[in-house]
Every structure is written in C-alpha cells, then in structure tokens.
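Asker: Quick one: this structure, given as structure tokens, is what I'll be asking you about.
Values quoted throughout were computed directly from the atomic coordinates according to the rules given, and no laboratory measurement underlies them. Keep in mind that this is a model prediction, so the values were computed, not measured. Neighbour counts run over all protein chains shown; Cβ positions are idealised from the backbone, glycine included.
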C-alpha cells in the first residue's frame with residue numbers, strides 16, 4: 001500500500017464505505033465503468049484496444065453520490081490477461097482476490113460473450129448458447145434469469161461436468177447476490193470508443209446512456225456498505241483490513257480469512273479509538289484542568305476524573321462491540337490513571353512553586369531587616385514577632401486555595417523561621433542582660 005493511499009484514507013472521517021471493485025479483461029472498458037461509478041468522465045486512465053493503461057491496484061474515494069454520511073470507494077485493477085511478464089498470471093489472481101475480498105460490490109466487466117478463460121477466474125464457467133435466450137414457455141429470459149440458467153448444475157460424472165458443477169456451486173456460494181446486466185456499446189464509431197473519457201454525451205448512443213445510468217444508480221441506491229462479520233466497516237477499519245489482505249495475499253504461507261480481516265479491523269479500530277480518546281482527554285486537560293492549576297487536590301482530581309470518564313465512555317460507545325472483553329477499555333483506563341497521577345503531581349509542583357514564591361515575597365521586608373540588623377536591639381524580638389506574625393497572616397491570605405502545597409511550604413518556612421526567631425530572641429536577651437550589668 002503506497003504511503004499516499006494510506007494518508008488519503010487515514011485523513012477521512014470515520015464513516016461507512018460502499019466499496020465497488022471493477023475487474024475484468026484488459027482493454028474492455030473496465031476503467032471507463034470505474035469512472036462512471038465515480039460520476040467522473042476521467043480519472044482512471046483509459047487505454048485503447050492495443051494497450052492496457054491501468055497497472056496495479058488503484059482506488060478513488062469520495063462522498064457517496066446518493067447516500068448521506070458515507071463514502072464511495074471505486075477500485076480499478078490491472079486488466080486480467082495483461083501478460084507483460086511471466087509473473088503476470090499470478091498478479092492477476094492476486095488483484096482479483098484482493099478486489100473480491102475488499103469490495104461489497106464486485107463488477108466483472110466482459111465485452112461480448114462471457115469467455116471461459118476469464119470467467120473461470122471467478123470459479124465458474126459458462127457459455128452463451130442461443131437456446132438459453134428464452135424460457136421453456138417461450139418467454140424471453142431476463143439477464144438475471146439467464147445467469148441462473150448458466151449456473152445450473154449438469155447431470156453426469158465426466159471430468160468436464162464435475163468441473164462445471166464445482167465452479168457453479170462455488171459462484172453460488174461465494175456470490176449469493178448476483179446479477180447480470182447487458183450494456184450496449186457506447187458507439188459504433190471507433191474514434192469515439194478510443195476516447196470515451198473525452199466524448200460528449202451527444203456522441204454516445206441513447207440506449208447505452210440509459211442502461212449505464214440505470215446500472216450505476218442500481219449500485220448507488222443499493223444501500224449496501226462493506227461489512228465484515230456483520231459489522232459495517234468505516235474508513236479507518238477499511239485501511240486495516242486492506243493492510244491485512246495485502247499482507248496475507250503476498251505471504252505464500254498465509255491464507256486470508258474473514259476472521260483474520262475482522263480481527264485486524266477490530267484491532268485497528270480499537271487502536272484508533274484509543275488514540276482519539278487519549279488525545280481528547282489531553283485536550284480536555286489543557287482546557288479544564290491545567291488553566292486552574294494550582295488548585296486544591298480534590299478539585300483537580302474531580303476535573304481529571306470527569307475528562308477520563310468521558311474518554312472511557314466514548315471509547316466504549318465507539319468500539320465496544322469490537323472490544324468485547326474490554327482489553328482496550330482497560331488499557332485506556334490504565335493510561336488515564338498514569339495521566340491522572342502525572343497531572344496531580346504537576347498541580348502539586350505548581351502549588352509548591354507558587355507558594356514558595358508567595359512566602360518569599362511576604363517575608364522579604366523581614367529578611368531585609370534581619371540582614372540590616374534592625375532587630376538586634378533591646379525590644380527587637382517583640383518587634384520581630386509582631387512583624388513575622390503579619391508575614392504568616394499575609395501568606396495564608398495570598399496562598400489560600402493555591403493547592404496542596406500551602407501547608408507544606410508553610411511548615412518548611414516555619415522551620416527556618418523558628419531558627420531565625422531563636423537567634424533574634426537570644427540576641428535580644430543578651431542585650432537586656434548587658435544593659436542590666438551596665439546599670
């Protein structure tokens with residue numbers, strides 16, 4: 001998967017996706033139909049009858065033409081039978097398998113009569129015969145009825161009959177909903193056919209335009225989206241199952257399975273939801289928790305818990321059906337607990353820094369007087385006590401509500417202040433004693 005493809009899908013809103021894959025032989029109009037399904041004249045390159053333009057596996061994705069709140073993804077694959085090297089046949093099968101697994105609508109495009117070598121790649125083989133164009137009662141068969149006639153089992157035990165029955169049974173099993181649509185040629189003009197992406201509507205035959213319009217609207221209006229194990233797949237999940245299928249198909253020792261795709265999708269969706277809710281929690285903390293710091297621990301913790309509970313609730317609502325045993329919920333709760341403790345520590349640290357700044361500020365005048373020896377006189381101790389009591393009062397007033405460090409910082413200050421107090425008291429006592437001796 002190219003980095004650009006991953007980027008495009010990753011940047012989309014997580015909505016359901018209607019995935020239509022167009023496959024078929026090269027140079028038979030496959031890319032033209034892919035463009036029509038996108039409601040575009042061009043996009044997927046068109047080749048001529050001698051050259052195949054589409055190489056590898058391409059997709060277009062955008063808002064669904066008729067269904068709201070979902071996307072339409074149209075897949076165009078390299079044409080089957082484009083044998084430009086020896087490995088092409090194996091690549092053909094990989095593209096076909098990937099398109100089949102990824103899509104909820106698989107369009108197998110053929111020009112003219114269905115051909116055994118191509119149709120067999122879908123695990124069935126049938127051949128147009130004139131006698132099957134009408135039912136036993138003489139009524140002309142509809143295309144869908146004709147398809148079912150072609151898929152009927154044959155009586156007998158020859159190798160050819162067994163092969164036919166195996167393939168038709170496989171088609172009916174793997175494609176329970178199937179339709180045959182007959183689309184006339186766009187034009188009899190070879191120049192127009194060679195430049196369909198540039199041809200105006202007036203240049204195309206009316207029956208072709210009507211048939212194609214009905215065909216595309218039938219797909220758009222089906223209301224179907226890609227589902228795995230009964231769950232709708234959103235854009236983010238689609239990227240995960242695409243990765244899974246690509247890796248499984250490219251690994252000769254691996255076999256892609258619906259369960260494997262479901263697990264890959266579920267893991268990816270849960271991981272996406274986990275990251276989204278962690279980001280949402282962090283954004284909420286930036287707006288509702290950190291701006292109030294420092295604050296008392298109870299208030300801080302309550303705001304953190306509110307944001308955390310919201311994140312857990314949203315994760316459960318988003319991916320609870322995939323996180324059945326609660327692994328990702330517990331993982332989120334564990335991560336949020338780590339975040340809670342970190343935020344409480346941050347609040348405590350900010351409280352400590354602020355309270356230390358406050359006590360330093362209100363005590364500055366007293367410290368300056370101590371440094372100048374203002375209290376080193378008789379009666380200086382009483383003056384100091386009166387002024388330092390004012391320091392305590394000012395601190396309590398300014399530090400009120402400034403978090404869990406208010407009392408801790410005050411106790412630390414009290415220790416150093418007591419030492420200072422005792423020194424001033426001793427000095428005052430000595431001066432009083434000396435004064436008595438002199439008198």
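Asker: Quick one: grab the alpha carbon gyration tensor of the stretch 317-389, order the square roots of its eigenvalues as a ≥ b ≥ c, and give me rounded if a/c is under 1.5, else prolate or oblate depending on whether a/b is larger than b/c.
Answerer: Values: a/c = 7.91, a/b = 6.52, b/c = 1.21.
Verdict is prolate for the stretch 317-389.
Asker: Quick one: if the Förster radius is 35 Å, what FRET efficiency do residue 396 and residue 330 give, using the C-beta to C-beta distance and rounding to 0.05?
Answerer: After rounding, the FRET efficiency stands at 0.20.
Asker: For the modelled label position 7 Å from the Cα of residue 309 along Cα-to-Cβ, which residues of the stretch 238-276 have backbone nitrogen atoms closer than 17 Å?
Answerer: From the stretch 238-276, the list is empty.
Asker: Starting from the Cα of residue 420, step 7 Å along the direction of its Cβ; do the same at residue 407; then give the gap between the two resulting points in nm.
Answerer: 2.3 nm
Asker: Could you check the spin-label model distance between residue 292 and residue 434? Points 7 Å from the Cα along Cα→Cβ, value in nm.
Answerer: 5.7 nm
Asker: Hey, could you pull the Cα Rg and Dmax for the stretch 265-349, both in Å?
Answerer: Gyration radius and largest Cα-Cα distance of the stretch 265-349: 13.5, 43 Å.
Asker: Which order, highest average first, do 412-420, 274-282 follow once you tally other Cβ atoms within 10 Å for each residue and take the mean per peptide?
Answerer: Values: 412-420: 13.4, 274-282: 17.2.
Put in order of decreasing packing, that is 274-282, 412-420.
Asker: Right, another one. In bins 5 Å wide, starting from 0, what share of all Cα pairs of the stretch 287-427 does each bin hold, as a percent?
Answerer: Using 5 Å bins, I get a P(r) of 2, 9, 15, 14, 11, 10, 8, 7, 6, 5, 4, 3, 3, 2, 1, 0, 0 for the stretch 287-427.
Asker: Fewest to most neighbouring Cβ within 10 Å: what's the order for 10, 351?
Answerer: Ascending number of Cβ neighbours within 10 Å: 10, 351.
Asker: Another question, then. Using 0.36 nm times the number of residues separating residue 110 and residue 321, minus their current alpha carbon distance, what extension gain do you get?
Answerer: Using 0.36 nm per residue and subtracting the Cα-Cα distance, I get 71.9 nm.
Asker: Taking neighbour counts of Cβ atoms within 10 Å as a proxy for exposure, in what order, fewest first, do 1, 61, 8, 359 appear?
Answerer: Sorted ascending by nearby Cβ count, the order is 1, 8, 61, 359.
Asker: I'd like the FRET efficiency for residue 182 and residue 337, computed as 1/(1 + (r/R0)^6) with the beta carbon distance as r and R0 of 60 Å, rounded to 0.05.
Answerer: Working from the Cβ atoms, E equals 0.40.
Asker: Please give the length that would be gained between residue 231 and residue 160 if that part of the chain were fully extended, namely 0.36 nm times their separation in residues minus their C-alpha to C-alpha distance (nm, one decimal).
Answerer: Net length gain for the segment: 21.6 nm.
Asker: How would you rank 16, 429, going from fewest to most other Cβ atoms within 10 Å of each one's own Cβ?
Answerer: Fewest-to-most ranking of 16, 429: 429, 16.
Asker: Extension gain residue 213-residue 153, at 0.36 nm per residue separation less the Cα-Cα distance, in nm? Show your work: numbers first, answer last.
Answerer: Numbers: separation 60, 0.36 × 60 = 21.60 nm, distance 3.35 nm.
Computed gain between residue 213 and residue 153 is 18.2 nm.
Asker: How many times 2.2 N^0.38 Å is the alpha carbon radius of gyration of the stretch 354-438?
Answerer: Scaled against compact globular proteins, the figure is 1.24.
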